[in-house]
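So the structure is just underneath, and the comments pick up after that.
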Amino acid sequence: MSMSIEVSFAKPAKVSGGLAVATATVSEPVSEAARSVDVSGQLDKAVKIAGFKGKAQSTMDLLAPSEAAVDRIALLGLGDPDKMSAHDWLRAGGKLVTLVGKSEKVTVLPAAGGQVSPEAAADLALGVLMRAYSFDLYKTKKGDDDDKTSRKVKLVIQHEDASACKKAFASRQAVADGVALARNLVNEPANVLGPVEFAERAKALEELGMEVEVLTEKEMKKLKMEALLGVSLGSVRPPRLAIMRWQGGKPKDKPVAFVGKGVVFDTGGISIKPAGGMEDMKGDMGGAAAVTGLMHTLAARKAKVNAVGIIGLVENMPDGAAQRPGDIVRSMSGQTIEIINTDAEGRLVLCDALTYCQEKFKPAVMINLATLTGAVMVALGQHHAGLFSNDDDLSAALSKAGETTQERVWRLPLGPDYDKMIDSKFADMKNTGGRYAGSITAAQFLKRFVVDTPWAHLDIAGTAMGSPSTDINQSWASGFGVRLLDELVRSNYEA
Ligand code: BES
Ligand code: MN
Ligand code: ZN
């Protein structure tokens, strides 16, 4: 099932045709609004027989009651609406999508009591958009009965204060679009989305009033980004560094900075990965995708903040020109790195991007995102991203934003004992720390490039792609990080 849904809001009015979805609560499974479309009272009987209680995430579908003005009536259980969090409303919106079926017109009737806030109605709509996302660019068999890929659905949410809903929805639309952008970038195959093409997608955000600069290989050479450039040596496609700036705050305020790993494909390089599952490495730019999606959202909702997004875009390939184990490179910071394993490439891309970020922008805070290690999945599975930080306040703020958005993070330790594990015989450091604590030694590596800036690193290898589907995501790419960081900005850094 896939479709594109257009959401709008309207004052309660008589419904005709299509599907009517009545929100149901535990105190009132069949609301007045539901009865108003079900003229013959079949709903009350059906609800009784089915034992439908209006519990959260429960649904009931009544097909074509003969005298009704609509084709279908369905009930969407909310539980107790007074106890619903914003995320519960998103999940309800996701569930709502499962009721759409073949209807092309859907009307959501006001909940029992009519006490739903405009914000809650807008969250419901955001949940609808997130759940309805699908990536079917490369499916050519559209439009037949089994695959309604190109179908358009108009969904109207009825609410007494439709204009307040519409206002509340505007920033949610920006979030939905940012999440969809991040998902699209991760889902795209690497033959379509190389470093140059990714940078072009970032450049396209200029339309939203963002400043975007793209550095070429030549310019990065001048900046002495040998660590990043070393990863790119085996690829016939040149690297890029894209810098996105959104100036929504006071001109002099230091920006909040986001840095993303954008390895468009990670073969492992000369330390080549096994073949099984390697296709997933088209998603090794999930950090860069989250940063790009976030910047889209901030610009689209005109966030009152100065933000900068920096993404390092490379492809990690084996080749006669590729970097070797044993090679030593000099990073932009001046620190030297012995390459032990060419598959530990993400940290090499990030370290130069982090240095550039600090030297150029002196950010108030710097957060990087990366599908950095398989080890983070061993530690945390796919339900939390790994969080590493040199700042307890920032760490707490991220954890809180994670609870709010349910894009959860779990802090893991840093410390001198782990730091020692990446000392090198020949250079200042090596790019792997051995078999144990792989996510932590990767984070220690990054930390060596952070100078006096409150910083956090999110290892999203387990959460950005291939994670279990949820009520609000059915796609391989989740868009993880966009809502988390949008919430972080909203509650901590906006005027
Ligand atoms: N991109 C991978 C990490 C990864 C693995 C992301 C699985 C998503 C799913 C990263 O570049 C990598 O290869 N890391 C190595 C590090 C090792 C060589 C020290 C790993 O995790 O095995
Ligand atoms: Mn790798
Ligand atoms: Zn990688």
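The values are calculated or read from the model by the stated rules, or taken from the named source; none is laboratory data. Keep in mind that what you see is a predicted model, and the values were worked out from it rather than measured. As a convention, Cβ positions derive from the backbone with ideal geometry for all residues, glycine included, and neighbour counts pool all protein chains shown. Accessible surface areas use protein heavy atoms only, side chains included; no ligands, DNA or RNA. Shrake-Rupley method; radii C 1.70, N 1.55, O 1.52, S 1.80 Å.
Residue count for segment 19-55 satisfying the condition of being on the phi > 0 side of the Ramachandran plot and surrounded by fewer than 20 Cβ atoms within 10 Å (Cβ to Cβ): 2.
The C-beta contact set for segment 324-347 (first residue more than 14 Å from ligand 3 (Cβ to nearest atom), second residue of a type in the set (S, T, N, Q) and open to solvent by 40 Å² or more (accessible area, probe 1.4 Å), distance under 8 angstrom, 6+ apart or interchain) comprises 325/341. Kindly state which strands (runs of 3 or more DSSP E) lie completely within segment 38-147 and contain at least 1 residues that are out of contact with any Gly (no Cβ under 6 Å at 6 or more places or on another chain) and among the small types (Gly, Ala, Ser). Ranges flagged: 72-79.
I need the full set of residues from segment 272-310 which are assigned to a loop (DSSP other than H, G, I, E, B), near ligand 1 (Cβ under 10 Å from one of its atoms) and touching a Lys or Arg at 6+ places or on another chain (Cβ under 9 Å), in order please. Spell out how you get there, then give the answer.
Step one: list which residues in segment 272-310 are assigned to a loop (DSSP other than H, G, I, E, B), which gives 272-277, 284-285, 301-305.
Then keep just the ones that are near ligand 1 (Cβ under 10 Å from one of its atoms); that gives 273, 277, 284-285.
Matches in segment 272-310: 284, 285.
When segment 335-376 is examined, which residues are found to be in a helix (DSSP H, G or I), more than 10 Å from ligand 1 (Cβ to nearest atom) and open to solvent by less than 40 Å² (accessible area, probe 1.4 Å)?
Residues of segment 335-376 that are in a helix (DSSP H, G or I), as a first pass: 346-361, 375-376.
Among the residues that remain, those that are also more than 10 Å from ligand 1 (Cβ to nearest atom) are: 350-361.
Passing the criteria: 350, 351, 352, 353, 354, 355, 356, 357, 358, 361.
Candidates 441, 463, 432: the one that is within 26 Å of residue 175 (Cα to Cα), among the β-branched types (Val, Ile, Thr) and at pLDDT 95 or above is 463.
The residue that is surrounded by the most Cβ atoms within 10 Å (Cβ to Cβ), counting only those in segment 202-232 that are touching a residue at least 60 places away in the same chain (Cβ under 8 Å) and not in a helix (DSSP H, G or I), is 225. Among the conditions (1) at pLDDT 95 or above; (2) surrounded by fewer than 19 Cβ atoms within 10 Å (Cβ to Cβ); (3) in contact with a strand residue (DSSP E or B) (Cβ under 6 Å, 6 or more places away or on another chain); (4) of a type in the set (Gly, Ala, Ser), residue 58 misses just one, which is (2). From the list 414, 387, the lone residue that is farther than 22 Å from residue 229 by Cβ and surrounded by fewer than 20 Cβ atoms within 10 Å (Cβ to Cβ) is 414. For segment 431-459, residues that are within 16 Å of ligand 2 (Cβ to nearest atom) and open to solvent by 60 Å² or more (accessible area, probe 1.4 Å) total 1.
Let's see how each residue does on (1) in contact with a Gly (Cβ under 9 Å, 6 or more places away or on another chain); (2) buried (at least 24 other Cβ atoms within 10 Å of the Cβ); (3) in a helix (DSSP H, G or I):
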site: 177; (1), (2), (3): yes, no, yes
site: 196; (1), (2), (3): no, no, yes
site: 200; (1), (2), (3): no, no, yes
site: 262; (1), (2), (3): yes, yes, no
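The residue that is farthest from residue 340 (Cα to Cα), counting only those in segment 268-314 that are within 12 Å of ligand 2 (Cβ to nearest atom), open to solvent by 10 Å² or more (accessible area, probe 1.4 Å) and touching a strand residue (DSSP E or B) at 6+ places or on another chain (Cβ under 9 Å), is 280. Going through (1) more than 16 Å from ligand 1 (Cβ to nearest atom); (2) on the phi > 0 side of the Ramachandran plot one by one, residue 326 falls short only on (1).
Against the conditions (1) touching a helix residue (DSSP H, G or I) at 6+ places or on another chain (Cβ under 6 Å); (2) under 21 Å from residue 290 (Cα atoms); (3) surrounded by fewer than 21 Cβ atoms within 10 Å (Cβ to Cβ), residue 469 satisfies every one except (1). Residues that are more than 19 Å from residue 85 (Cα to Cα) and either of a type in the set (Ser, Thr, Tyr) or more than 16 Å from ligand 3 (Cβ to nearest atom) (or both) are absent from segment 397-407.
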